[in-house]
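Enquirer: Can you read through this structure? Questions will come right after.
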Amino acid sequence: MLTFIAPSLSLADEVVNLYSARKEQLIKPLLDRFSEQTGIKVNLVTGKADALLQRLQSEGRNTPADMLITTDAGRLHRAKAAGVTQAVESKVLRDVVPESFRDPDSHWYGLSLRARPILYVKGKVDPSRLSTYEALIDPDWDNRICIRSSGNIYNQSLVASMIAANGAEATETWAKAFVKQFARPPKGGDRDQIKAAAAGLCDIAIANTYYLAGMLTSKDQAQRDAAAKMAVFWPNQQGRGAHVNVSGAALTKAAKNRKNAVKLLEFLVNRDSQAWYAEANGEYPVRTDVEPNELLKEWGDFKMDRLNLAQLGLLNPDALRMMDRAGWK
Ligand SMILES: [Fe+2]
């Protein structure tokens with residue numbers, strides 16, 4: 001039998017301090033697994049993305065946080081721009097996280113993919129009439145679209161991706177026409193758009209697919225029934241591909257447990273972790289060699305927009321101002 005002298009003591013002192021904008025149940029099981037495998041304890045602080053970022057900024061060099069996990073590349077970019085993150089050069093991360101889903105300066109890495117396609121009410125929309133986000137301004141869709149407000153970063157990122165693809169002028173013209181297609185003034189979250197469509201208020205909803213997945217597997221019969229009325233249409237398949245975003249992580253500039261934090265980051269992109277994300281939250285793996293879960297597979301393969309997601313952050317202020325000018329509430 002092997003005996004160790006001191007290491008078990010120092011191992012117990014190994015920690016990573018994590019600020020996470022993900023709901024606890026969507027990250028904690030993975031962190032527990034990490035701790036079991038490595039002996040590194042993870043101290044988790046969960047909060048709203050903007051509040052955590054503010055906290056990091058005010059704590060500055062004294063922050064206890066080694067790592068920040070947040071959703072949306074726009075927010076990861078904000079953290080980087082605020083100067084609270086640092087670069088991580090890791091062959092593991094570089095090899096498995098596709099280039100479009102990580103920061104060009106290696107400050108943040110995508111951990112899971114979230115797709116934002118067009119959802120439509122089965123039987124009310126002929127999917128052969130659908131094609132692109134751009135074409136949603138066609139008279140066909142007049143007064144038939146539900147989408148949440150411009151205050152939400154998911155829509156800001158979608159518009160930013162259109163600015164990157166089509167230019168600012170064309171996107172502004174589009175946005176002005178797009179808001180006229182809304183069946184009602186934007187309100188509620190993505191799930192509310194799906195519910196509104198199912199209830200007959202509109203025929204098209206723009207929402208991230210994990211919300212649809214969450215509703216389909218909900219304990220609440222009403223949510224399951226609403227979601228069952230919807231189908232997924234992958235737009236822009238002849239062109240750049242459907243809009244995707246990431247949840248992702250960055251090391252803080254002040255990270256005191258840097259080595260452990262890098263280990264955790266690498267753990268979160270290993271095959272098991274990536275498969276877990278898909279199962280637990282209906283997101284797509286960021287790795288190309290891990291299959292999405294069964295439900296996601298039913299919606300079919302699709303081409304993703306391979307725009308480097310750092311662009312979503314860089315173009316975010318432009319997108320926001322443009323949506324405002326277009327009268328997108
Ligand atoms: Fe979300």
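Enquirer: Students often get this wrong, so check it: of 176/219; 80/195; 195/329; 297/329; 48/176; 187/303, which have C-alpha atoms separated by over 27 Å?
Expert: On the way: 176/219 39 Å; 80/195 36 Å; 195/329 19 Å; 297/329 34 Å; 48/176 31 Å; 187/303 29 Å.
Beyond 27 Å between Cα atoms: 176/219; 80/195; 297/329; 48/176; 187/303.
Enquirer: Between residue 169 and residue 225, what length in nm is gained on full extension when 0.36 nm per residue of separation is reduced by their alpha carbon distance?
Expert: Values: separation 56, 0.36 × 56 = 20.16 nm, distance 4.06 nm.
Net length gain for the segment: 16.1 nm.
Enquirer: Using the Karplus curve 6.51 cos²θ - 1.76 cosθ + 1.60 with θ = phi - 60°, work out ³J(HN,Hα) for each residue of segment 292-299 in order, rounded to whole Hz, and write x for Gly and Pro.
Expert: x, 6, 4, 4, 5, 5, 4, 7
Enquirer: Suppose a student asked you for the relative contact order of the chain, using Cα pairs under 8 Å spaced at least 6 residues apart; what percent would you report? Intermediate results must be reported in sequence, preceding the final value.
Expert: On the way: 608 pairs, mean separation 94.3, N = 329.
Once divided by the residue count of the chain, the mean separation gives 29 percent.
Enquirer: Using the Cα centre of segment 105-212 as the reference point, and only Cβ charges (+1 on K/R, -1 on D/E), how large is the resulting charge dipole? Debye, rounded to the nearest 20. Display every interim value, and only then the final one.
Expert: Working: 13 positive and 11 negative charges, 102 e Å.
That gives a dipole near 480 debye.
Enquirer: While we're here: Can you return the aspartates and glutamates within cross-link range of residue 180? Criterion is Cα-Cα under 18 Å, with same-chain partners fewer than 8 residues away left out.
Expert: Once the sequence-local aspartates and glutamates are set aside, what remains near residue 180 is 134, 138, 140, 142, 169, 172, 203, 324.
Enquirer: Give me 105, 190, 289, 140 sorted ascending by neighbouring Cβ count inside 10 Å, so fewest comes first. Each step should come with its number before you reach the end.
Expert: Numbers: 105 11, 190 25, 289 8, 140 15.
Result, fewest neighbours first: 289, 105, 140, 190.
Enquirer: Please enumerate, by chain and number, the lysines with C-alpha under 16 Å from the C-alpha of residue 41, excluding those fewer than 8 residues away in the same chain.
Expert: 28, 256, 259, 263
Enquirer: Follow-up. Expected output is a single nm value to one decimal: the length gained when fully extending between residue 92 and residue 279, i.e. 0.36 nm times separation in residues minus the C-alpha distance. What is it? Before the final figure, lay out the partial values.
Expert: On the way: separation 187, 0.36 × 187 = 67.32 nm, distance 2.29 nm.
That works out to 65.0 nm of additional length.
Enquirer: Moving on. Divide by every residue of the chain the summed helix terms, -39500 (n - 2.57) for each DSSP H run of at least 4, and state the resulting mean residue ellipticity at 222 nm, rounded to the nearest 500 deg cm²/dmol.
Expert: The helix contribution divided over the chain gives -11500 deg cm²/dmol.
Enquirer: So if we plug the beta-carbon distance of residue 177 and residue 271 into 1/(1 + (r/R0)^6) with R0 = 45 Å, what FRET efficiency do we get, rounded to 0.05? Walk me through the numbers before you get to the answer.
Expert: Numbers: r = 44 Å, r/R0 = 0.98.
My answer for the efficiency is 0.55.
Enquirer: As a footprinting exposure proxy, order 34, 101, 267 by other Cβ within 10 Å, with the fewest listed first. Could the numbers behind the result be given before it?
Expert: Values: 34 21, 101 24, 267 18.
Least to most surrounded, the residues fall as 267, 34, 101.
Enquirer: Hey, another quick one. For 253, 122, 195, what ranking results if the residue with the fewest other Cβ atoms within 10 Å of its Cβ goes first?
Expert: Numbers: 253 18, 122 10, 195 22.
So the ranking, lowest neighbour count to highest, is 122, 253, 195.
Enquirer: What residues have an amide H closer than 5 Å to that of residue 202, excluding those fewer than 5 places away on the same chain, when H is modeled at 1.01 Å from N in the peptide plane?
Expert: Those lying under 5 Å, H to H, from residue 202 are 197.
Enquirer: Another one. Does segment 268-329 come out rounded, prolate or oblate, given a ≥ b ≥ c as the square roots of the eigenvalues of its C-alpha gyration tensor, rounded meaning a/c under 1.5 and, failing that, prolate meaning a/b above b/c? Don't skip to the end; give the middle numbers.
Expert: Details: a/c = 2.77, a/b = 2.16, b/c = 1.28.
Cα axes put segment 268-329 in the prolate bin.
Enquirer: Please compute the contact order of segment 16-89 in relative form: average sequence separation of alpha-carbon pairs under 8 Å and at least six residues apart, divided by the residue count, as a percent.
Expert: 43
Enquirer: Could you give the C-alpha radius of gyration of the chain expressed as a fraction of 2.2 N^0.38 Å, taking N as the number of residues it contains? It would help to have the intermediate numbers written out before the result.
Expert: Details: Rg = 20.7 Å, N = 329, 2.2 N^0.38 = 19.9 Å.
Working it through for the chain, the quotient is 1.04.
Enquirer: Still on this structure, please answer the following. What shape does segment 163-278 take by its C-alpha gyration tensor, where a ≥ b ≥ c are the square roots of the eigenvalues and a/c under 1.5 counts as rounded, a/b above b/c as prolate, and the rest as oblate? Working shown, then result.
Expert: Details: a/c = 2.38, a/b = 1.41, b/c = 1.68.
Cα axes put segment 163-278 in the oblate bin.
Enquirer: Then there's this: Farthest toward the dipole's positive end in the chain, which of 232, 201, 167, given Cβ charges of +1 (Lys, Arg) and -1 (Asp, Glu) about the Cα centre?
Expert: Farthest towards the positive pole: 201.
Enquirer: Let me ask something else about it. Could you give the size of the charge dipole of the chain about its Cα centre, using +1 on the Cβ of each K and R and -1 on the Cβ of each D and E, expressed in debye and rounded to the nearest 20?
Expert: Working: 44 positive and 38 negative charges, 139 e Å.
The calculated dipole for the chain is roughly 660 debye.
Enquirer: Further, regarding this structure: Please work out how much length the chain gains when fully extended from residue 135 to residue 295, using 0.36 nm per residue of separation minus the C-alpha to C-alpha distance, in nm with one decimal.
Expert: 54.8 nm
Throughout, read-outs are computed from the coordinates displayed, never taken from laboratory work. Because the structure is a prediction, the values reported are computed rather than measured. Cβ sites come from the backbone with ideal geometry, for glycine too, and all protein chains shown count toward neighbours.
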